[in-house]
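S.K.: Can you read through this structure? Questions will come right after.
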Amino acid sequence: MNDIKNNYDSHRGDIRNVSGTVGWESPANIALVKYWGKYPVQLPMNPSLSFVLKQSVVRIYLEYSIGDTDGAGVRDFTLNGAPNLNFQSRIGSFILSLQPIFPFLSKMNLSIRSESTFPHSAGIASSAAAFSALSLCLCSIESLLYEKPGPGMAENPESRSFLQKASYVARLGSGSACRSLQSGFVVWGRTGILPESSDEYAVGLPGSEVAPVFNTLRDAILVVDDATKKVSSSAGHALMNAHAYREARKVQAADNLEKMVIALKTGDESLFFKVLENEALSLHSLMMSSNPGYLLMRPATVSIIENILDFRQQSGIGIGFTLDAGPNIHLLYFERDRSAVKGFIEQSLLPFCSKRRWIDDGMGNGPRAI
Ligand code: PMV
């Protein structure tokens, strides 16, 4: 771990008084195989697999200036134009914890402006998008301070080591955030299936390993409940430490990852939905069977799931559901069925959604410098 961390340490050395602004837009991601349970520091108990969304993004503009004195930090933080002390304090602690990786932070004053496309209080987690955007901003500053002058490196999302470091840093903010750094299908956590995979950052599944139909995936996010969750993801991860099914979950996740990778490669849609739904229901079963147990699904969650299964059986259309650690449904389907699925959502599913709210999202292209 230390060796790897040292590989990621910034160059040390003198930095003069500099200032500037960097900005990144970064997406949320939806896990097909779920990360649930972790070791310190934010290392996953099992490997997970996801893809990034297109519409659900966070944009962060980070204004920085370096002074001569120590003790700098996040001077102000706004979300969609309004100061947000809660986020400011969470991000302030995150930035403080990153000083061993980015020593320049100890002398840096930061002012953060963030914008989110997530509907206000829709109960949709934006932390993966926010922490990945913030990590990209920090890596950009590092590049600007220490790389040879000239554009390119900081803004070049193709740069492998740049993205790998951003993924490593994003993971420390929120585990699943490390999977928001690139397009396509992304794996986080060591697995024999992918030799370059790591517990410390996410890597992409090569495009040649994915049948074209899966690059047309769409995600209809059905907002069942917009209240803040009663049990946070961090508390849920912690309950896996002494979970009676902990070892069985590791075996199941490895098995599901293998099956999902086969489904993606062979274009096996039916296997894809089978594994997708097994993962979603297993995640929520693990919550229910934790000690103490808890329930994040709402009655409307169950009604939507039943409607989806009935519709699939009657229409033969390839759709399926997954869930994050919350009550909202992610309905996955393919571009070719867009109009039929839209009709189904409007007619049969919106009555179960809070204020008939849903987000018409799909597979995205990953982060971009702004
Ligand atoms: O990244 P966290 O700590 O918010 O955990 C996310 C966990 C799930 O969303 C339930 C699963 C996943 O792999 O994204």
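S.K.: Hey, V275 hits all of (1) closer than 28 Å to E247 by Cβ; (2) touching a residue at least 40 places away in the same chain (Cβ under 8 Å); (3) of a type in the set (V, I, T); (4) more than 16 Å from the ligand (Cβ to nearest atom) but one; which does it fall short on?
M.R.: For V275, the failing item is (4).
S.K.: If you check S315, S289, which single one turns out to be farther than 22 Å from P119 by Cβ and touching a residue at least 40 places away in the same chain (Cβ under 8 Å)?
M.R.: None of the others qualify; the one that does is S289.
S.K.: Let me ask something else. For segment 350-370, give me each residue that is part of a helix (DSSP H, G or I) and among the aliphatic types (A, V, I, L, M).
M.R.: Across segment 350-370, the qualifying residue is only L350.
S.K.: Another one. Would you check which residues across segment 37-57 are closer than 30 Å to L144 by Cα, among the aliphatic types (A, V, I, L, M) and within 14 Å of the ligand (Cβ to nearest atom) and list them?
M.R.: Answer for segment 37-57, where residues must be closer than 30 Å to L144 by Cα, among the aliphatic types (A, V, I, L, M) and within 14 Å of the ligand (Cβ to nearest atom): V41, L43, V52, L53.
S.K.: With respect to the numbered conditions (1) within 11 Å of P47 (Cα to Cα); (2) of a type in the set (G, A, S); (3) modelled with pLDDT under 95, which one is the sole condition not fulfilled by A227?
M.R.: Exception for A227: condition (1).
S.K.: While we're on this one: In segment 294-328, which residues are outside any helix (DSSP H, G or I) and within 16 Å of the ligand (Cβ to nearest atom)?
M.R.: Y294, L295, L296, M297, F321, T322, L323, D324, A325, G326, P327, N328
So that you can scan it fast, the table gives a plain yes or no per residue for (1) within 30 Å of V223 (Cα to Cα); (2) of a type in the set (D, E, K, R):
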residue	(1), (2)
A82	yes, no
Q88	yes, no
L96	no, no
K107	no, yes
I112	yes, no
P119	yes, no
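S.K.: How many of the residues making up segment 58-79 are away from the ligand (no atom under 16 Å from the Cβ) and either of a type in the set (A, V, I, L, M, F, W, C) or touching a strand residue (DSSP E or B) at 6+ places or on another chain (Cβ under 6 Å) (or both)?
M.R.: Going through segment 58-79 one residue at a time, the tally reaches 15.
S.K.: Looking only at segment 113-122, decide whether some residue is at pLDDT below 80 and among the hydroxyl-bearing types (S, T, Y).
M.R.: Yes - at least one qualifying residue is present in segment 113-122.
The values are calculated or read from the model by the stated rules, or taken from the named source; none is laboratory data. Because the structure is a prediction, the values reported are computed rather than measured. Here Cβ is always computed from backbone atoms with ideal geometry, including for glycine, and neighbour counts include all displayed protein chains.
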